[in-house]
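Below is one structure, written out as C-alpha cells; the observations come after it.
The values are calculated or read from the model by the stated rules, or taken from the named source; none is laboratory data. On a predicted model such as this, the values are computed, not experimentally measured, just so you know. Note that each Cβ is placed from the backbone with ideal geometry, even for glycine, and that neighbours are counted across all protein chains shown. In case anyone asks, the SASA skips ligands and DNA or RNA and just uses the protein heavy atoms, side chains included. Shrake-Rupley method; radii C 1.70, N 1.55, O 1.52, S 1.80 Å.
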Amino acid sequence: MAAFVRACALSELEEDTPKRVELDGTPVSVVRTEGEVFAINDICSHANVSLSEGEVEDCTIECWLHGSSFDLRTGKPSGLPATRPVPVYPVKIEGDDVLVSVSQES
C-alpha cells in the first residue's frame with residue numbers, strides 16, 4: 001500500500017503555478033490545473049533542472065531550459081529534446097491537505 005505524505009495545503013496552490021516540495025528526499029512539483037492536482041518529479045529527464053520553474057499549460061509542464069513539455073498525468077514528454085518520461089505520483093486531497101505518495105510511481 002502506498003504511503004501518502006503531506007506535500008502542502010491545497011490553499012497554497014495557485015492555478016497553473018507549480019510548487020516545488022521535497023518528499024522523502026524526492027523533489028516533486030505539485031500543480032493545480034484544470035480542476036485537479038498533480039504531482040510529478042521535479043527534475044527534467046533531459047537536463048538536471050527544476051520543472052517547477054517552468055510554465056503550465058493544457059495539463060503539461062514545460063522545462064524552462066530547453067522547452068520540452070511533460071504531461072502531468074503520465075510524465076511523458078511531448079517534444080524534444082527530452083525523450084524519457086519523468087515519474088508521476090498519486091495524489092489525494094484530505095480537507096486542505098494535498099497528500100502525495102512518492103513510494104508509488106505511475
Cβ-Cβ under 6 Å pairs, at least 6 apart or on other chains, the stretch 29-44 side of a type in the set (Val, Ile, Thr), far side open to solvent by 30 Å² or more (accessible area, probe 1.4 Å) and in a strand (DSSP E or B): VAL30/LYS19; VAL37/VAL91
Residue in the stretch 92-99 that is in contact with a helix residue (DSSP H, G or I) (Cβ under 7 Å, 6 or more places away or on another chain), of a type in the set (A, V, I, L, M, F, W, C) and at pLDDT below 95 present: no
In the stretch 52-76, the residues that are among the aromatic types (Phe, Trp, Tyr) and modelled with pLDDT under 95: TRP64
The stretch 26-71 - residue that is in a loop (DSSP other than H, G, I, E, B) and under 16 Å from GLU14 (Cα atoms) and, of those, most open to solvent (accessible area, probe 1.4 Å): GLU55
Yes/no for GLU34 being out of contact with any helix residue (DSSP H, G or I) (no Cβ under 9 Å at 6 or more places or on another chain), at pLDDT below 95 and not hydroxyl-bearing (Ser, Thr, Tyr): yes
Selection from the stretch 9-25 of residues that are assigned to a strand (DSSP E or B) and within 16 Å of VAL56 (Cβ to Cβ): GLU15, LYS19, ARG20, VAL21
Given (1) open to solvent by less than 70 Å² (accessible area, probe 1.4 Å); (2) in contact (Cβ under 8 Å) with a residue 60 or more places away in the chain, number of the condition PRO18 does not satisfy: (2)
